[in-house]
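Take a look at the structure below.
Throughout, read-outs are computed from the coordinates displayed, never taken from laboratory work. Computed from a predicted structure; not experimentally measured. Positions of Cβ are generated from backbone atoms using ideal geometry, with glycine treated the same way; all protein chains shown enter the neighbour counts.
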Amino acid sequence: MTSRSRVFTVLIATLLLVTMALPVAAANLITNGEFDNGTDGWRMQMQSGAICTFDVVQDAGMSGANAAKMTIRRGGQLHWHVECMTFFAIEKDKTYQLSFMAKAAKDRPITVMIQRDFSPYTPYVEEKIDITTEAKMYTITWTAEADDPNTRLNLALGGNGNDVWWDKVSIVEVGADGVAPVAEVEEVVEVQEEAAVAEVEEPAVEKPAKKSNTALIIGGIIAVLALVFLLKK
């Protein structure tokens, strides 16, 4: 093996070491959270005479090119009279974090529910959140009480006639330290817990992984030694 080949082999090994050490982002359990595939995976329903349309729009000042918009002509009397939902699976005793961006035509409340998708539709989490005309990120963290392969994420928008936009919907499993990836936005709003079944935490700032830093240092040392070896040859 020539000196050049040896150096090339060392550099490839260094790149592999660094790549393997980098932290892997948690998988998003929501399949169309940026609405790049239109309304696929989402379902709207109305009750008690409510009238609303559910569309994907552009240039909403949210995340990426697309955002969801609920145009509410008649909101009904109760929050569940207008609902938009999507589905995912949870496992008992695992902790998850929901994050999403939202804004409204005028300041208004919405109700966010994580619940069973069958009667009596018992919520694991039910939080009332006050959203504003400014697009902001909201987060809720909870621990699953049971295995549920068809859990419903339900945004309940009834009882109010002001339109709502939302985007960048993510549900990820968090580790024992409670840290999960949270989208970088101008402001992250902490949701206060209202239901005993839900635990809401302020999103922790993700710290750089020590493993990655160590690997980068080792990789740099190996690369320098390889170059010195080549120069001597």
Subject >> Distance between modelled label sites at Thr143 and Tyr121, nm, 7 Å Cα→Cβ extension >> reply: 2.8 nm
Subject >> Theoretical gain in end-to-end length, Arg43 to Asp55 [0.36 nm per residue, Cα-Cα removed] >> reply: 3.2 nm
**OP:** Please work out the ratio of the alpha-carbon Rg of region 60-146 to 2.2 N^0.38 Å and round it to two decimals.
**Re:** 1.19
**OP:** Mind giving me the nanometre distance, one decimal, between the label points for Lys106 and Thr132, set 7 Å out from Cα along Cα→Cβ?
**Re:** 1.7 nm
Original post:
Under the Karplus relation 6.51 cos²θ - 1.76 cosθ + 1.60, θ = phi - 60°, what is the ordered set of whole-Hz ³J(HN,Hα) values for region 44-55, x standing for Gly and Pro?
Top reply: 10, 9, 10, 9, 6, x, 5, 10, 7, 10, 10, 9
**OP:** Only bridges with both residues in region 43-190 count here: give the DSSP antiparallel percent, nearest 5.
**Re:** 95 percent
Subject >> Percentage relative contact order, region 43-190, counting C-alpha pairs under 8 Å, at least six apart >> reply: 32 percent
Original post:
From the square roots a ≥ b ≥ c of the eigenvalues of the alpha-carbon gyration tensor of region 43-190, which class results: rounded (a/c under 1.5), prolate (a/b over b/c), or oblate?
Top reply: oblate
